[in-house]
1. Please go through the residue pairs 57/120; 106/138; 90/213; 48/213 and name each one whose alpha carbons sit more than 23 Å apart in this structure.
2. Which of the aspartates and glutamates could a cross-linker span from residue 273 if the Cα-Cα distance has to be under 13 Å and same-chain partners fewer than 8 positions apart are dropped?
3. Starting from the Cα gyration tensor of the range 162-253, take the square roots of the eigenvalues, sort them a ≥ b ≥ c, and report rounded, prolate or oblate (rounded when a/c is under 1.5, otherwise prolate if a/b is larger than b/c, else oblate).
4. Can you sort 177, 158 by 1.4 Å-probe accessible area, starting with the largest?
5. So, for the range 204-332, what is the accessible surface per residue at a probe of 1.4 Å, expressed in square angstrom?
6. Taking 1 over the mean of 1/r across every pair of different Cα atoms in the chain, what Kirkwood radius in Å do you get?
7. With all protein chains present, calculate the accessible area of residue 329 using a 1.4 Å probe and round the result to the nearest 10 Å².
8. Could you sort 189, 19, 57 by accessible area so the largest value comes first, with the probe set to 1.4 Å?
Amino acid sequence: MVGAYLLLCLSVYQNPVDKPSLRFFQENFIVRVGDKRETVPLQLPKEKPVLSLSFRKNKNYAVWDDRGLTIRVGQVAKSTRLEAIATSPKAFDADELKQNVELIEKKQRTRGATALSGAKRVGNLVFFLARWDEKDGKPWLEALVSLDLTEDSYHPKFLARLSGLTLAEKPIDDRLFILNERMSAVVRKGEQWGLASFDPDASVFDFKEAGRKLESYDPLTSRYGVFVERTDYGSRIGGRIDLQNLNRKNLVEGKGTLRFTDTSDPLIALLSKGNDVRLLNTETGAELDLLSSVAMRRTALGLVVWSPFKAPKRAWLYGMERWTPLAEWVAE
């Protein structure tokens, strides 16, 4: 018995459980748990803006860039900003047309599209969701056009004006997606928000309401996404939605600002009000109070949190299920 006990003790001594560690080296946090290692950079590289988007079929090209939509057939290229749509009776009623013309003459709006909210290719057809921004940068029109890359044509086909407006902000964004074999987008329509889907038979966008006062929407897939919306009584609600049937599940509500840290599972909500900052694991309900000047990044080994965010003096590694402290780093 004594010999077996000694062997067991020796085995434990020779194979200790590796304790998670966290250290900071050359602008990176190094996380180690057992034989696993993750590197967390203090600053992520800046996202490079998309400057152009191109589609090709044999000798024919369709390119969206700072010139607008450029169509090249062989050696000949022509550019358009889809100017006709802004004053087209196919897109606007008489009162809207009158207002558009007045604002264009006052140079508050332009006839030509100023940005692209999204594009998708289906076979030889390319769909562009063009966007018109006002002088102050606020969008006022989005319209869907298509181009058949097998045709030697310089004239994209106007399909429909979007029923509402997307949350697109970039010169070339990615807010158009395919759902149920239809070109679709999440839009705001007045105080409502929901799903806009293009009906090719009626040449219009259908709109199905999902909620009110949308602040943000981030896709998880073309079917699922996470949203944040404001309530009438001053709080914010964050949740998950299935765009297939518009079933939604509210996950978190709070005062102040609210956002999801990323789109990975489990979804982590970040709530801020004044100097109060709180993390919420929306699956387990576990909460973690943080300092106001923090930054964080998820890893496969846990959540790394540091403060201050530009020149860290302390950092922590947390298990995300219950926010269990796993390791800590303090600057020397």
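1. Checking Cα-Cα distances, 90/213; 48/213 exceed 23 Å.
2. 253, 289
3. Judged from the Cα gyration tensor, the range 162-253 comes out prolate (a/c at least 1.5, a/b above b/c).
4. 158, 177
5. Numbers: 6670 Å² over 129 residues.
Per-residue accessible area for the range 204-332 comes out at 52 Å².
6. Hydrodynamic radius (Kirkwood, Cα only) of the chain equals 23.5 Å.
7. Result for residue 329: roughly 40 Å² accessible.
8. Putting 189, 19, 57 in descending order of accessible area: 19, 189, 57.
The values are calculated or read from the model by the stated rules, or taken from the named source; none is laboratory data. Treat the numbers as computed from the prediction; the structure is a model and nothing was measured. Please note: Cβ atoms are built from the backbone with ideal geometry, for glycine as well, and neighbour counts cover all protein chains shown. Surface areas here come from the heavy atoms of the whole protein model, side chains and all, with no ligands, DNA or RNA. Shrake-Rupley method; radii C 1.70, N 1.55, O 1.52, S 1.80 Å.
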